[in-house]
Amino acid sequence: MSRRWAGVARPLTSPRQGPPVSRRELLAGGIGASALIALPDLTNPATRGTRSVIAADSAGRHVFLYGALQASSSPGGSVATAVTPTSGSRSLPAAVPVATSLAAAPVLSPDQATVALVTVKAVPGGSRVTLTLVDTASANVARQGSVTLTGLPAGTNILPTPVFAPGSATVPLVLAITVPTGKHLIRKLNPHTGSATAHTATSWQSHHALAYFDSATGAFAGPFHLADQPSLALSTAVATRHDLFVWTTREPQPDPGAKSRPKSPPLPQLNVYPLGSAKPRLSAPAPAPWPGGEPAVPLASGDVARLVNGRCLQVCSARTGEVTQLTVGPLNVNRAKPSAVTMQARPDGTLFLTKPGNGRAIVLDPARSFRVKADVSFPVPAAPLGAPWSKAVLSPSGDTVFVLGAAKTGGISAYDVATGALTASYSQGQQFAGLYQMPSGTLLAVAARNPRLAFFSSTLSPLGTADTNLHVSAVF
């Protein structure tokens, strides 16, 4: 086991200072020292009358906070409890540091029992990619394995994407491998002085590889390098019990005749791989836009759905690879304000979609031609875009939508799914940037500055606040 992972209670380190952002950090969408901390759930559902739809075994699991550490004179990864707003509140739990310097955002398994973490380390002649599966009940490492990519030049960047396959012990790992192909001098003209300075520029080229981790044995198969060079590094991947769906895009190439005979941009390519294989059983062009981590989920039918442009569902047949595109009416509204968009598959087979920039949260039923089963409208919050991405959550029972409060008031609000009516709200004027529901039913609202964490009951009663030196990007 790598020392980085030994002992989940190790203190976290402070972020790097000085060096410019690397290509991998840009591709991963993160800057600074990433970190993951585990937070025990605040309350036991049995003491709060939580409905039985919350599984008993999920109530005791940890919640994981992921983000970048801020510079601090006394760095640390634990969450410090603060004075609680109500005298009857329980003591807030202490957090446990889990990992730092992750190569990509963590991924939570569909059953919420496991979190997948990935690190990349340069080794002689290549890079070692380590996948660690953390048990959410104990916050301890459940299984770990490494795969080494050899023959890569110095300076190679690897962007890993772990993917859980529901009901399977196989965890696919999609690797975007970007290698430097050459360096040359370029001259840049200073528009203010007219003088030119020389700078070294690096050319890069990307391709993808697949590796498969067996969570039962801890063994890796691969890596299997794909013949898709040159391609764009960003991709989208989702898995079913039997297949891995991967969207990639060929990198546009220079065209001397582009001005007189412009070419259409390349279409994304969809490949469907049987789990454990590097040979696709289906391969076909896919509709635009280019992939880049947009929401994609497996459906109960065995097909997969990809949400694009914040308003369209592309449903891919697992049998033929045919893609059917449909517009989601309630989301098909143009607004000048950008918005985070989320899509989640629920245990009953429905899909929960949110577009806070439009003030909409909807439930679709794939079994009925994606009929809109519920449509809730709410005031647009102050931060409809940016991390944390989750701005609205659906209760486990499916009868209540919790959302960030309106831009003018802040706080959080609750709406009845059946009627769309506002049923509760709470605000002391604080604006939150993200909203999550912990397994016990406790709501966790994330702010941009301390106290960053605020806890509420399902009736929106405040339970307490907590400080952390982690700029929270996501909660799992």
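Results, tabulated for the structure shown:
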{"item": "Cα-centred dipole magnitude for region 229-364, charges only on beta-carbon of K, R (+1) and D, E (-1), debye, nearest 20", "result": "300"}
{"item": "Peptides 459-468, 363-372 ordered by average Cβ neighbours within 10 Å, highest first", "result": "459-468, 363-372"}
{"item": "Whole-Hz couplings from phi, Karplus 6.51/-1.76/1.60, listed for region 230-238; x for Gly and Pro", "result": "x, 9, 6, 5, 5, 8, 10, 9, 8"}
{"item": "Cross-link partners of Lys373 among lysines (Cα-Cα below 25 Å; sequence separation of 8 or more within a chain)", "result": "Lys355, Lys391"}
{"item": "Protection proxy ranking, peptides 351-360, 193-202, 141-150, average beta carbon neighbours within 10 Å, highest first", "result": "351-360, 141-150, 193-202"}
{"item": "Residues whose placed amide H lies under 5 Å from that of Thr249, excluding near-sequence neighbours", "result": "Leu232, Gln269"}
{"item": "Spin-label zone in region 369-387 - amide nitrogen under 12 Å from a point set 7 Å from the Cα of Arg346 along the C-beta vector", "result": "372-376"}
{"item": "Residues listed by number, region 124-149, amide nitrogen under 19 Å from Ala113 label point at 7 Å toward C-beta", "result": "132-145"}
{"item": "Highest average packing first - 426-439, 210-223, Cβ atoms within 10 Å", "result": "426-439, 210-223"}
{"item": "Added length on full extension, which subtracts the Cα-Cα distance from 0.36 nm per residue, Arg281 to Lys263", "result": "3.5 nm"}
{"item": "Distance in nm between pseudo-label sites at His242 and Asp416 (7 Å out along the Cβ direction from Cα)", "result": "4.4"}
{"item": "Straight-distance crosslink candidates among lysines, where the alpha carbon sits under 21 Å from Lys279 and sequence neighbours closer than 8 are dropped", "result": "none"}
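Readers should treat all values here as calculations from the given coordinates under stated rules, not as data from a laboratory. Small disclaimer: the values here were computed from a predicted structure and weren't measured. For neighbour counting, all protein chains shown are included, and Cβ atoms are generated from backbone atoms with ideal geometry for every residue, glycine included.
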